[in-house]
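Working notes, structure below.
Laboratory data are not the source of any read-out in this text; all were calculated from the coordinates shown. Values in this document were obtained by computation on a predicted structure and should not be read as measured data. With ideal geometry, Cβ positions are generated from the backbone for all residues, glycine too; neighbour counts draw on all protein chains shown.
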Amino acid sequence: MKKVAKAAALMLATVMMTASLTACGSKPDTTQANDAAVSGQPQKTEESTVVEKQNETDTQKATPEAETTLTFGTNAEFPPFEYVASSGVIDQYDGIDMAIAKNIAEANGMTAVVENMEFDSLLVALQNGQIDAAIAGMTVTEDRKEEADFSTPYYTATQVMIVKEDSDITSAADMADKKICVIQGYTGEICVKDLGYPYEAFKKGTDAIMELVNGKCDVVVIDSATAEKYVFDNQGLKIVEDASAFESEEYAIAVKKGNTELLDKINKAIETMLADGTVAELGAQYIEAISAE
Ligand code: ARG
């Protein structure tokens, strides 16, 4: 299983170098430059800031009290990116995204708070101000870009097919006469819809996997790293890839449209984490944990 971790780490490390694509044959996206990643910003010490501010005015507070928390919306049904654990990096929430969220908040002197909700509700929650940012293994797509602004991507994934070990499905075209399961609102659903095949949509990945395990469906289409986790957890399943049918996808953090102040903060933190290897390490660590359970 080491191979899986290595491959994932490599994917994370190369995400900035690959042209960014959206799922299922849609137009290539423009890649954002990674120029802020290494530019060392001069860091004032807390002490010097306090002294300066006191000199400005004695009555003013040294540090603003507002904005001390950064609320991330997620859907904690997507291991290894976000899932509920007995103890996680942010409360009970654990996973690669949760560790990234915590890092972003801390890099900005804030505390990360998580609001767990349905995947489909995340962009609405951003729009109505219930959350500051959405981090949920969320693929950047042209449609979603109309509803939210996206950060620098931090992970490259692809859709794969999970089938029973004895399945005769070897390509996406083989799904034509099979019973297909997807997860509601995920890019996997969009891909299958684009291919023109009928399917059944489930609220959770684990529900779709249960259908497959119980022989009620023939194939589940879902993101690669999450598929690895489900195949590891359930006997008798395997992954089938088809790069010609499923393009690479990039995960990024969404903020409310126009919230450039927060987007800049998030991008600086992500770019630093990509440049110094933090994201790759987190990926390897959590993906390795799947096979070590
Ligand atoms: N990458 C897929 C998408 O953006 C699935 C993401 C699911 N994430 C989750 N936290 N449930 O649609």
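Restricted to segment 183-293, the set of strands (runs of 3 or more DSSP E) holding at least 1 residues that are within 24 Å of T71 (Cα to Cα) comprises 248-251, 254-256. For segment 172-182, a tally of residues being in a helix (DSSP H, G or I), surrounded by 16 or more Cβ atoms within 10 Å (Cβ to Cβ) and among the hydrophobic types (A, V, I, L, M, F, W, C) returns 2.
A107 meets each of the listed conditions (1) away from the ligand (no atom under 13 Å from the Cβ); (2) touching a residue at least 60 places away in the same chain (Cβ under 8 Å); (3) surrounded by 16 or more Cβ atoms within 10 Å (Cβ to Cβ) apart from (3).
Scanning segment 193-210 for residues that are among the β-branched types (V, I, T) and within 12 Å of the ligand (Cβ to nearest atom) turns up just one, T206.
Looking only at residues that are outside any loop (DSSP other than H, G, I, E, B) and touching a Leu at 6+ places or on another chain (Cβ under 7 Å) in segment 145-155, which one is nearest to the ligand (Cβ to nearest atom)? First the steps, then the outcome.
First, pick out the residues of segment 145-155 that are outside any loop (DSSP other than H, G, I, E, B): 145, 148-150, 155.
Narrowing the set further to residues that are touching a Leu at 6+ places or on another chain (Cβ under 7 Å) leaves 148-149, 155.
Working: A148: 12, D149: 15, Y155: 9 Å.
Once the filter is applied, the top-ranked residue is Y155.
Looking across segment 68-82, the residues that are more than 9 Å from the ligand (Cβ to nearest atom), in a strand (DSSP E or B) and crowded, with 18+ Cβ neighbours inside 10 Å come down to L70, T71, F72, G73. Return a yes/no flag: does segment 113-129 have any residue that is within 15 Å of the ligand (Cβ to nearest atom), more than 26 Å from Q159 (Cα to Cα), out of contact with any Pro (no Cβ under 9 Å at 6 or more places or on another chain) and assigned to a loop (DSSP other than H, G, I, E, B). Looking for residues that are within 15 Å of the ligand (Cβ to nearest atom), more than 26 Å from Q159 (Cα to Cα), out of contact with any Pro (no Cβ under 9 Å at 6 or more places or on another chain) and assigned to a loop (DSSP other than H, G, I, E, B), one finds none in segment 113-129, hence no.
Condition check ((1) of a type in the set (A, V, I, L, M); (2) surrounded by fewer than 18 Cβ atoms within 10 Å (Cβ to Cβ); (3) within 16 Å of the ligand (Cβ to nearest atom)) across all residues:
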residue	(1), (2), (3)
N214	no, yes, no
C217	no, no, no
K229	no, no, yes
Q235	no, yes, no
S244	no, yes, no
L263	yes, no, no
A269	yes, no, no
G277	no, yes, no
